[in-house]
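Note sheet for the following structure.
The values are calculated or read from the model by the stated rules, or taken from the named source; none is laboratory data. Quantities reported herein were computed from a predicted structural model and do not represent experimental measurements. Note that we place each Cβ from the backbone using ideal geometry, even for glycine, and neighbour counts take in every protein chain shown.
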Amino acid sequence: MAIKLDEIIDHKKYNIIYKLHPGEYDRWQTEYPWLENSNIRIIDKNENDIYYYFLLSKYLVGVNSTALYEGLAFGLRIFIFKDDYGHIYMEDLIKKNYAELILSADDIVKKLKNGKEKISNIQNKNIFWQQNSLENIIYNVENILNKRY
């Protein structure tokens with residue numbers, strides 16, 4: 001889909017950044033050779049963390065990843081690609097209008113033409129994230145241990 005998007009997107013308005021999973025860094029040229037001669041910027045090193053790329057972006061495309069949730073915290077418009085199974089785990093994001101289901105690269109282009117940059121502004125970030133995570137973990141582990149013994 002990334003290659004198809006590269007073929008049809010307006011490169012004067014949009015750049016495609018393809019952030020590989022760290023486990024793919026050493027093998028992407030063998031597994032995805034079609035990416036090599038594209039206009040797509042391939043991120044295959046840990047020079048910057050994923051949040052750096054979120055700051056550069058307005059949109060995020062994925063299938064099934066915690067990165068999709070993290071992208072929401074950056075105010076990105078989230079597109080979830082419908083594949084054979086992975087997108088099913090992201091259904092809540094779609095149902096609650098935090099993300100949009102796409103079937104193809106053409107779908108992305110159509111949605112980009114509607115002018116929206118975000119699908120939704122999360123007013124209550126506690127829906128997904130809780131403050132004081134370390135304290136919460138300690139509290140819950142202690143609670144579990146106290147119940148067990």
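Descriptive notes on the structure:
Here is a yes/no grid of residues against (1) in a strand (DSSP E or B); (2) surrounded by fewer than 16 Cβ atoms within 10 Å (Cβ to Cβ); (3) modelled with pLDDT under 95; (4) of a type in the set (A, V, I, L, M, F, W, C):
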site: Asp10; (1), (2), (3), (4): no, yes, yes, no
site: Asn39; (1), (2), (3), (4): no, yes, no, no
site: Ile42; (1), (2), (3), (4): yes, no, no, yes
site: Glu47; (1), (2), (3), (4): no, yes, yes, no
site: Tyr52; (1), (2), (3), (4): no, yes, no, no
site: Leu72; (1), (2), (3), (4): no, no, yes, yes
site: Gly75; (1), (2), (3), (4): no, yes, yes, no
site: Ile80; (1), (2), (3), (4): yes, no, yes, yes
site: Asp83; (1), (2), (3), (4): no, yes, yes, no
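- Condition check for Leu68: touching a strand residue (DSSP E or B) at 6+ places or on another chain (Cβ under 7 Å), within 28 Å of Phe128 (Cβ to Cβ), modelled with pLDDT under 95 and not charged (D, E, K, R): yes
- Segment 20-37, subset assigned to a helix (DSSP H, G or I) and charged (D, E, K, R), residue farthest from the chain's Cα centre (by Cα): Glu31
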